[in-house]
Structure formats: C-alpha cells, structure tokens
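Everything on this sheet refers to the single structure shown next.
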Amino acid sequence: MERNGRLSINRFLCLYIIANTTQFLGFTSRTEQNRSGLLMVAALLMDKRTLRKQCYSLAGRERRNPFSSRVNSRIGDCSSDKNTSRQQHSLMAHRVVVIGGGLAGLSTAYHLLEKSPSSDITIIDQQSPGAGGASAVAGGLLHPLSPKGKLAYKGIEGLATSNKLIQAASQFEDNVVLRNKIYRIAMNEATADRFQKTAVDFPEFATWMEPDCSTIGKGDDDDAWEGQYFSREKNVLGALKLSNGCKVLHMESYLKGLWSYCESIGSGTKKWTTYEDNDSTNSDETWKERLAEYDCVVFAAGSGLFQSSLLNQTEYPITLVRGQSIEMTMKDEQIGWNAILCGKYVNPLLEKGRVNIGATHEWKEEALTPDEVEAELKERSYDFASGPWDNGTIDRITCGYRVQSNRGPKGRLPIVGNIESSLHHNSWVFTGLSGRGILYHGIYGDLLSNLILEKTSKDSDIETMNWWRCQ
C-alpha cells in the first residue's frame with residue numbers, strides 16, 4: 001500500500017508540474033516545450049518530500065481560516081510579509097463577540113480593533129459599560145510591584161501598556177485618573193528595609209519616605225496630605241511612594257471611557273448587548289444560537305463564566321474569591337485622601353472626602369455579614385489608616401467575585417488561549433486576572449489579540465502563557 005501510495009503521489013505530482021510548466025513556459029515549439037517540462041519534472045522529483053511539502057502548504061494556505069482553533073500548534077512560525085498581508089485582508093469581514101465587558105473583555109476588544117480595524121466587535125454583558133462585575137468595584141491601583149516590593153512578572157511592560165489604554169479612555173471620560181501616586185506603607189523594620197532597597201533598584205518610579213522626611217509638606221498638593229498622614233499615623237515607619245505611571249483609577253469611568261474609545265475607532269460595527277442571567281436565557285442551546293452568527297468567541301466575563309456554567313470551573317486551575325469593600329465619607333476632611341496600601345488598601349473615591357477600604361478575601365460559600373466585613377477590614381487596616389475609621393461613616397458595602405488563578409513560578413498569571421467549547425467551534429478564554437487585573441489586562445489582551453489574528457512570532461511569551469494547560 002505504501003509503494004502504491006507513493007506511485008500515486010508521483011503521478012499526481014508529474015501531471016501537476018507538467019501542466020503548470022507547459023502553461024508557464026509558453027514555448028512555440030512542442031518539442032522544446034515537452035523537453036523543458038520533462039527536465040523540470042525530473043529535477044523536482046529528486047526532492048519529492050520538499051515538493052510534496054510545498055504543494056500541501058499551498059493547498060492548506062487556501063483553506064486556512066485565520067481564526068483556526070489549531071492556531072496553538074502553529075505558534076512560533078514567522079509568516080512572511082506577503083502572508084501577513086493576506087491574513088490581514090481576510091480578517092476585514094470577521095465578526096468577534098466578547099462575553100464580558102470588564103478589564104479582560106475591553107482590553108481584548110481594544111487590541112483587536114487597533115490591529116484589525118475592520119473587525120465587527122460585539123460585547124455581551126449583564127450590565128451596561130462600567131456598571132457591573134468585579135472590575136467595576138476593584139480598588140483601581142496600578143503599580144508594578146509585588147507585596148514584598150519586588151518587580152512583578154512583566155511589571156514594567158504591564159505598566160506601560162495599561163497607561164496606553166488609560167490615555168485612550170481619558171479622551172472620553174474626565175475622571176479616569178484620580179491620583180498619580182500610591183503609597184506602600186511599612187509597618188515594621190523588615191518591610192522598611194525591603195522598600196528602601198526597592199527605591200534604590202527602581203528610582204524611576206519608587207521613592208522611599210521617612211515619617212520625618214524634610215520634603216514632607218513641601219511641593220505639590222499631595223505633599224500636604226503626606227504631612228497630615230505621617231503626623232496622624234504614629235505606627236507607620238515609612239512609605240514607598242510610587243509615581244511616574246503608577247495611578248489610582250476610578251474604575252467606572254475607566255471602563256466606560258475604554259468602551260467609548262473602542263466605539264470611536266475602526267470601520268466595523270461595535271455593539272454592546274446586555275442579557276439577563278436566568279434559566280430561560282442561560283441554557284446551552286440559547287447560547288449556541290446567540291453565538292452562531294459570529295466567527296470568533298472570547299470568554300472574558302471573569303467569575304460569571306463559571307457561575308453561569310459557560311465554562312466548567314473544574315477544568316481550570318482557579319478559585320473564585322469573594323471580596324467585599326467599604327465605602328466611607330470622612331467628616332471635615334479638608335485635604336483629599338491618597339491611596340495607601342499595606343495588605344489592605346484605602347483609596348480615594350471620586351467625591352472629595354470619600355474613601356474605599358478593602359477588600360476581604362472570602363473562600364466560603366456563605367458571605368460575611370456587614371458587621372463581619374466591618375470588623376475584619378478595621379482590624380486589618382486601622383494601624384496604618386486610623387483616620388477614616390476615627391473620622392468617617394460607612395456609606396455602603398460593595399461586593400465582587402474575582403477569578404484567582406493558582407500560583408506558579410512567576411506568580412498568579414492569567415489564563416489566556418484557545419479552548420474547546422461546545423458553544424462555538426472557535427473559542428478563546430481570557431480570565432484569572434486575580435489581584436493584578438489593572439496591571440495585566442493590557443499586555444495579555446494584546447497577546448490574546450495576536451493569537452486570534454495569528455500575529456504571534458517566535459519571541460512571544462506563549463510558553464509562559466500555556467502554564468495553565470499543564471495544571
């Protein structure tokens with residue numbers, strides 16, 4: 001059978017080459033035409049494997065879907081400029097639906113539109129832009145450091161890319177950035193020593209501050225707050241001031257502004273669709289019908305993907321974590337509060353004199369009661385943020401669920417890549433941002449868009465991004 005197969009292939013190749021050679025050469029003499037064609041056949045058959053590879057490559061290139069679910073097996077191949085142009089052209093009419101309008105979903109939409117402006121993008125979410133999900137109630141702290149003051153994996157790249165998205169959102173919303181500084185508080189000598197080393201290692205964005213620093217109270221408006229803070233909080237040994245790209249975001253304004261930017265670019269259609277999560281609208285058949293008109297589906301709805309059973313939680317190395325935060329109004333506060341971070345965080349809200357303190361980390365199915373939330377957050381933050389507790393009243397408690405990925409050698413990284421789903425033949429996932437959603441949503445939305453558009457090259461971070469497939 002193998003010999004007959006080879007003979008059959010050879011006959012096919014001979015006929016294919018002779019036919020094409022005859023058309024290509026265009027000789028007037030039939031004798032010269034036949035002789036030249038046969039000589040070419042003989043030469044090419046000397047390397048039959050190469051010829052077969054080229055023929056199959058040509059045939060496959062005609063059939064290839066640029067959104068193929070087999071893209072992961074081809075990652076690392078560098079396409080020529082000609083092939084890239086052909087792929088970009090074929091993407092012009094493609095329709096992409098992103099399930100989830102939080103940090104992951106909007107970053108993916110942003111990067112797809114930047115690279116393939118003619119794509120049609122639809123966001124499906126339970127809420128209007130900026131109104132719901134864990135992203136809308138996140139602390140809004142953008143910085144590149146781990147809790148111990150070390151640089152997080154891809155921290156510098158994440159900071160730069162997130163700031164690019166923030167600039168885009170700020171074109172449409174006025175209150176995206178609330179502060180341009182964050183203070184990481186040291187409560188013991190060991191932490192103070194680590195933070196001082198961080199300031200030496202990364203002077204471009206980190207500055208160590210002693211409580212009696214001579215510069216406190218001088219300079220810009222935030223420095224007046226520094227003097228007030230250090231004079232009040234006697235247990236604090238110092239702070240690492242993070243600036244130059246480190247920011248505090250008003251999450252609702254950021255998400256709304258980023259979607260408005262997406263709507264403003266590209267020539268394709270952009271649509272935001274809301275749905276109710278109930279038994280009649282959440283069946284597999286309903287979702288199949290809802291997604292059938294699209295060429296590509298991106299599952300990016302965070303915890304909602306698993307709570308609504310769009311994805312099976314047991315198939316991913318994740319845990320759903322409930323977080324509750326307290327919003328407070330401070331009495332007679334003349335100076336706007338800044339963001340401080342020491343395990344828990346206290347960050348400013350949009351209105352002057354209001355702060356957000358959070359968040360709990362709840363693993364149990366039953367949520368903490370409001371009294372339990374207040375007791376836990378006060379116990380964990382009072383020593384470095386007594387001001388809000390002594391001079392404020394609680395307005396409300398917010399709650400959100402985040403998808404926390406398992407910890408690996410490089411920390412908790414997002415889950416990004418192509419997946420098998422019964423709901424759509426060409427499915428992708430972007431979830432598991434954990435506690436670094438604002439830092440990581442930009443670079444991994446960028447990576448996912450490259451995977452979808454087949455723009456990933458050999459120097460990409462795909463090996464690291466496949467960590468979750470081996471868990």
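Within segment 350-367, being closer than 24 Å to M187 by Cβ and of a type in the set (A, V, I, L, M, F, W, C) holds for V355, I357, A359. Anything in segment 235-266 that is of a type in the set (S, T, N, Q) and not in a helix (DSSP H, G or I)? List them, or say none. The answer is N235, S243, N244. The condition of being touching a residue at least 40 places away in the same chain (Cβ under 8 Å) and within 30 Å of D371 (Cα to Cα) holds for V236.
Residue count for segment 311-340, restricted to those that are in a loop (DSSP other than H, G, I, E, B) and either surrounded by fewer than 20 Cβ atoms within 10 Å (Cβ to Cβ) or free of Cβ contacts under 8 Å to residues at least 12 places away in the same chain (or both): 8. Working only within segment 292-304, note down all residues that are surrounded by fewer than 21 Cβ atoms within 10 Å (Cβ to Cβ) and either of a type in the set (D, E, K, R) or not in a loop (DSSP other than H, G, I, E, B) (or both). Once the filter is applied, which keeps residues that are surrounded by fewer than 21 Cβ atoms within 10 Å (Cβ to Cβ) and either of a type in the set (D, E, K, R) or not in a loop (DSSP other than H, G, I, E, B) (or both), segment 292-304 yields E293, D295.
Any residue at all in segment 362-375 that is buried (at least 19 other Cβ atoms within 10 Å of the Cβ), modelled with pLDDT of 95 or more, in the same structural domain as D174 (by TED's automatic domain parsing) and not in a strand (DSSP E or B)?
To start, the set of residues in segment 362-375 that are buried (at least 19 other Cβ atoms within 10 Å of the Cβ) comprises 362, 373.
Narrowing the set further to residues that are modelled with pLDDT of 95 or more leaves 362, 373.
Narrowing further to those that are in the same structural domain as D174 (by TED's automatic domain parsing): 373.
Checking which are not in a strand (DSSP E or B) leaves us with 373.
Looking for residues that are buried (at least 19 other Cβ atoms within 10 Å of the Cβ), modelled with pLDDT of 95 or more, in the same structural domain as D174 (by TED's automatic domain parsing) and not in a strand (DSSP E or B), one finds at least one in segment 362-375, hence yes.
Residues in segment 341-355 that are closer than 21 Å to L368 by Cα, within 24 Å of the chain's Cα centre (by Cα) and either part of a strand (DSSP E or B) or free of Cβ contacts under 8 Å to residues at least 60 places away in the same chain (or both): K344, Y345. Would it be correct to say that P211 is modelled with pLDDT under 95 and over 25 Å from A359 (Cα atoms)? The answer is yes for P211.
Here is a check on your reading of the model: is K331 modelled with pLDDT under 90 and either basic (K, R) or in contact with a His (Cβ under 8 Å, 6 or more places away or on another chain) (or both)? Quick ask: steps written out before the conclusion?
On the way: modelled with pLDDT under 90: yes; either basic (K, R) or in contact with a His (Cβ under 8 Å, 6 or more places away or on another chain) (or both): yes.
Against the criterion (modelled with pLDDT under 90 and either basic (K, R) or in contact with a His (Cβ under 8 Å, 6 or more places away or on another chain) (or both)), K331 qualifies.
Among the residues of this structure, K378 does not count as one that is modelled with pLDDT under 95 and basic (K, R). Across segment 135-173, the number of residues qualifying as surrounded by fewer than 16 Cβ atoms within 10 Å (Cβ to Cβ), out of contact with any strand residue (DSSP E or B) (no Cβ under 9 Å at 6 or more places or on another chain) and modelled with pLDDT of 95 or more comes to 5. One residue stands out in segment 317-340 among those that are of a type in the set (A, V, I, L, M, F, W, C) and closer than 30 Å to L305 by Cα: the one that is farthest from the chain's Cα centre (by Cα), namely I326.
Screening the candidates G411, G336, G400, G353 for the property of being at positive phi and in contact with a helix residue (DSSP H, G or I) (Cβ under 9 Å, 6 or more places away or on another chain) yields one hit, G411.
The values are calculated or read from the model by the stated rules, or taken from the named source; none is laboratory data. These numbers come from a predicted model, not from an experiment. For neighbour counting, all protein chains shown are included, and Cβ atoms are generated from backbone atoms with ideal geometry for every residue, glycine included.
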